[in-house]
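Report on the following structure.
The values are calculated or read from the model by the stated rules, or taken from the named source; none is laboratory data. These numbers were taken from a predicted model, which means no experiment stands behind them. For neighbour counting, all protein chains shown are included, and Cβ atoms are generated from backbone atoms with ideal geometry for every residue, glycine included. Heavy atoms of the whole protein, side chains included, go into the accessibility calculation; ligands, DNA and RNA do not. Shrake-Rupley method; radii C 1.70, N 1.55, O 1.52, S 1.80 Å.
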Amino acid sequence: MMILYQDEHLVAVNKPSGWLVHRSWLDRHEKVVVMQTVRDQIGQHVFTVHRLDRPTSGVLLMALSSDVARQLSQQFEQHQIQKVYHAVVRGYVTDSGTIDHALVEQLDKIADKFAQENKEAQPAVSHYRALSQVEVPMAVGRYDTARYSLVELMPQTGRKHQLRRHMKHIFHPIIGDSAHGDLRHNRAIAEHFGCQRLMLHASHLSLTHPVTGEPLLISAPWEQRWQDLMTAFGWTEQCPEYNGVEINPSITQDSLKR
């Protein structure tokens, strides 16, 4: 597990795709869990303050005390922490925009069987920006070629599967998404390029350190399978330069978009 940042209050890691953040009775036989791995690696108990879906990779922030965990949770709840993701999606995305589309809470049939159903849709807002496009000579369905785009995504709210559901809403589902994606394109990418993961990565996380008050910008590099697809699509120039952690950076939403 790659540690991106650690001090006496915080630890941030680059979560691999396919890893659970913590143990769940729904996956009680799973042996590889981020929290336990990090705890064993640093020899200290850790506290979660946010989550990433199991198939999503990237920056995962944890606290090293319950008090710091509470402060960070408040920052997340008050939308004071900025998150920037990258995704590969179906079709051509050539612009920037905002998806303001309310989402109904998704309930698990087992874990949420006692939860209230038929809740009203909750406000959900995501920003996106097109980075690159490619047309691949690969037949998918009734078309002889397939089109894909690399996009930058910035969720303003934090609903379950928000980015995955929002990209589906604008007809550009994320590649590798088995729940909200295009299964034909998922299979084609897996067969032709050997990429079987969800192409969604939490690249950057910017926050104010809850103890020192310093601004932090934590970045997570893309894994090899992601890099291989970028090479195949001719998008290597879009691979971000990761400097690990920047302390006291000039963090603005516009600077993250560049």
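Mean residue ellipticity, 222 nm, helices only, the chain: the sum of -39500 (n - 2.57) across DSSP H runs of n ≥ 4, divided by residue count and rounded to 500, is -6000 deg cm²/dmol.
Counting only alpha carbon atoms, the long axis of helix 66-77 and the longest principal axis of the chain meet at about 40°. Toward the positive end of the charge dipole of the chain, with +1 on the Cβ of Lys and Arg and -1 on the Cβ of Asp and Glu, the farthest Cα among L183, A232, I42 is that of L183. Simple spin-label estimate for A232 and T94 gives 2.5 nm between the two label positions (7 Å along the Cα-to-Cβ direction from each Cα).
Can you tell me the dipole magnitude for the chain around its Cα centre, using point charges on the Cβ only (Lys, Arg +1; Asp, Glu -1), in Debye to the nearest 20?
720
Placing pseudo-labels 7 Å out from each Cα toward the beta carbon at R54 and E214 gives an inter-label distance of 3.7 nm. A Gaussian network model of the chain, with springs between Cα atoms under 10 Å, assigns the largest mean-square fluctuation among A190, A179, A124 to A179. For V49, the residues 5 or more places off, or on other chains, whose built amide H falls under 5 Å of its own are A63. Rolling a 1.4 Å probe over the protein heavy atoms of the chain, with every protein chain left in place, gives an accessible area that is 46 percent carbon and sulfur. When only Cα pairs below 8 angstrom with a gap of at least 6 residues are kept, the chain shows a relative contact order of 19 percent.
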